[in-house]
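So the structure is just underneath, and the comments pick up after that.
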Amino acid sequence: MAPDTSRHLGQSVFGTSKLNVAELYNIKGQVALVTGGGSGLGLVTAAALAQNGCKVYITGRRGDVLEQAAKDATPDASTGGEVIAIQADVSDKPGIDKLKAEILKREKYLNILINNHGVSLGAPAINEADQTAEGLSEKMYNEESMDKWMQTYQINCASYYLTSFAFLPLLAAAKTIGKYSEPGNIINIASVSGITYTSQRGQFNYNASKAGTASLSKQLACEFARRDLGIRVNAVMPGYFPSGMSPVDPEQDREEFRKNLGIPLARPGNAIDYAQTIISIMVNKYQTGSEVVVDGGWLLEMAF
């Protein structure tokens, strides 16, 4: 007969409100920073957190876009949440320093840092080359540049490292100053492109940079845990969600969608799918170093 281990799982919560969905996913009053929050999945994230009572700072390079995004995403005052725009380019250290200085003027701690900013600068189309060693060499070498590779890596990976360490004291302060039960945590937005074996028609630079994001996230999670900081780090690997980088039509015929993009669930992701993923990672205090794939089964299809 198997031993009863329920007593080791904290059965004192049985019969209380702690297992109620509203309590399980309660983020009201938390302070969040979402880089690249002026559009796409960054804006979805900001809106979702604000609707659930968070104070959310969003950053980006274009001030007018950010201000409009903050206005659009700020919910009814009854939620207690708001979205605040801070113009900053976090692709380099001066921009990160500027952002940190602005946040320090307003806050003593952060509960969540979501590194969401990113770039896709294009790449030679491998399928359009003559499919010989000479043809592939000519196209993939001559039409690619070192600068494009370096810029893609700098923004999609290296800047995540820098923002994570720049805001580490503010994240730690969520527990010491904010009196939360844990310090703040980090979510790095990578992509299923970072864990595929295919170049997706030649975008080696983007895919390699997102693989770097995933590896960086695991390294940060490990090193923070080793030092008993309590700061969790997880990576999210989105598949096809409508955005500037993925211009898919969510209204197209499901079978056509399945055929064209190879997604078993036959649709792109939506704002609800994404918000559920982000908030779940935020509140799960036993989750760190993970790669959370949300892709409608695309990786399953790629296995065949």
task: Being closer than 27 Å to residue 146 by Cα and modelled with pLDDT of 85 or more is the filter; apply it to region 237-254 and report the residue that is surrounded by the fewest Cβ atoms within 10 Å (Cβ to Cβ).
output: 239
field: Residues located in region 255-302, provided they are of a type in the set (Asp, Glu) and either at pLDDT below 95 or over 25 Å from residue 110 (Cα atoms) (or both)
entry: 255, 256, 295, 301
statement: residue 55 fails exactly one of (1) touching a helix residue (DSSP H, G or I) at 6+ places or on another chain (Cβ under 7 Å); (2) on the phi < 0 side of the Ramachandran plot, namely (1)
statement: Expected single match for part of a helix (DSSP H, G or I) and either farther than 30 Å from residue 26 by Cβ or at pLDDT below 95 (or both) among 131, 151, 200 is 151
Tabulated pairs, region 1-29, first over 19 Å from residue 81 (Cα atoms) and among the aromatic types (Phe, Trp, Tyr), second at pLDDT below 65 and exposed (fewer than 10 other Cβ atoms within 10 Å of the Cβ), C-beta under 9 angstrom, 6+ apart or interchain: 14/6
- prompt: Quick check: anything in region 198-208 surrounded by fewer than 19 Cβ atoms within 10 Å (Cβ to Cβ) and closer than 20 Å to residue 92 by Cα?
  reply: yes
task: Could you tell me which numbered condition residue 121 fails, if it satisfies all but one of (1) closer than 15 Å to residue 36 by Cα; (2) at pLDDT below 95?
output: (1)
query: Does residue 184 fit the bill of being touching a Lys or Arg at 6+ places or on another chain (Cβ under 9 Å) and under 18 Å from residue 290 (Cα atoms)?
result: yes
message: For region 94-141: of the residues being over 22 Å from the mean Cα position of the chain (by Cα) and β-branched (Val, Ile, Thr), which is surrounded by the fewest Cβ atoms within 10 Å (Cβ to Cβ)?
response: 132
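Filter region 73-105 down to the residues that are over 16 Å from residue 165 (Cα atoms), without any contact (Cβ under 8 Å) to a residue 24 or more places away in the chain and part of a helix (DSSP H, G or I) and list them by number.
The answer is 77, 78, 102, 105.
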message: When you check residue 110 against the structure, is it under 26 Å from residue 282 (Cα atoms) and not polar (S, T, N, Q), yes or no?
response: yes
- prompt: Do we find a residue being without any contact (Cβ under 8 Å) to a residue 40 or more places away in the chain and farther than 18 Å from residue 292 by Cβ anywhere in region 189-206?
  reply: yes
Output for region 28-71, where each listed residue is in a loop (DSSP other than H, G, I, E, B) and among the β-branched types (Val, Ile, Thr): 35
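The values are calculated or read from the model by the stated rules, or taken from the named source; none is laboratory data. Small disclaimer: the values here were computed from a predicted structure and weren't measured. Positions of Cβ are backbone-derived with ideal geometry, glycine not excepted, and every protein chain shown enters the neighbour counts.
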